[in-house]
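Before any comments, here is the structure.
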Amino acid sequence: MAVETVVGNTKIVITQGDITRQDTEAIVNAANSSLMGGGGVDGAIHRAGGPAILEECKKIVAEKGPCPTGQAVITTGGNLKARYVIHTVGPRWLGGNADEDALLRQAYLSCLELASAHGIKSIAFPAISTGAYRFPKERATRIALSTVLEYVKEKPLDEVRFVLFSDEDLSVYIRTWEALGGGKT
């Protein structure tokens, strides 16, 4: 099951799948601040994309230092279908009193702003911070969807795709999307 809706001039897609196989211009990596790969989606993207991604990440860290939480950087897509990988560092869930909501919102915004700055018109997001960083899924989903909705109303892209790994994540996204009115304003 997938959901497709047009919001303004932007197609919003919520689907289950493998983010490393998406044919969008860019995919988003839920990275850690070292940008050196890790577990979950981060490890999967580095494995599927090959060594070119890691080499660019090493150069970025050598020049700028670790990527701060809520910020994003861009690299080649290496061996992926996507031309680019936008690496963002989402917040670790610390109970909700460490500005986690604002930092997660900023992570999504940083990706969208970087995409716009590079003329990228289609982007695929995973569920940032909901795995090892333990951000509550319903809360993270509401932030992800509402942030993207607000952004594309002002600065449309051709397509924003949310690619969820599990049935549970897909269900949470669809329920939240419907609760938000399915993009209707």
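Springs between alpha-carbon atoms under 10 Å, Gaussian network over the chain: tell me which of GLY95, GLY40, GLY70 tops the mean-square fluctuations. Judging by the Gaussian network model, the answer is GLY95. Quick check: the angle from helix 167-179's long axis to the longest principal axis of the chain, C-alpha only, nearest 10 degrees? Tilt relative to the chain: about 50 degrees.
Taking a cut-off of 17 Å between Cα atoms, list the aspartates and glutamates near LYS11, but don't count ones fewer than 8 places away on the same chain. Within the straight-line limit of under 17 Å, LYS11 reaches these aspartates and glutamates: ASP23, GLU25, GLU150, GLU154, ASP158, GLU159, GLU178. Evaluating 6.51 cos²θ - 1.76 cosθ + 1.60 at θ = phi - 60° for every residue in the stretch 88-99, the Karplus couplings come out as 10, 10, x, x, 6, 6, 10, x, x, 10, 10, 6 Hz, glycine and proline recorded as x.
Listing GLU55, GLU178 from fewest to most neighbouring C-beta atoms within 10 Å gives GLU178, GLU55. Helix-only estimate, please: 222 nm mean residue ellipticity of the chain, summing -39500 (n - 2.57) across DSSP H runs of length 4 or more and dividing by its residues, to the nearest 500. Result for the chain, helices only: -13000 deg cm²/dmol. Taking packing as the residue-averaged number of other Cβ atoms within 10 angstrom, the listed peptides 71-77, 163-169, 56-62 run from highest to lowest as 71-77, 163-169, 56-62.
Once label points are set 7 Å from the Cα along Cα→Cβ at both GLU4 and GLU178, what is their separation, rounded to one decimal in nm? Spacing of the two 7 Å Cα→Cβ label points: 2.0 nm. Scalar couplings 3J(HN,Hα) for the stretch 122-136, obtained by applying the Karplus form with A = 6.51, B = -1.76, C = 1.60 to θ = phi - 60°, are 9, 9, 10, 10, x, 7, 5, 6, 8, x, 4, 7, 6, 5, x Hz; x denotes Gly and Pro.
We did not get these values from a lab; they are worked out from the coordinates using the rules stated. The structure presented is a predicted model; accordingly, all values stated were derived computationally and were not measured. Ideal geometry is used to build each Cβ from the backbone, glycine not excepted, and the neighbour counts take in all protein chains shown.
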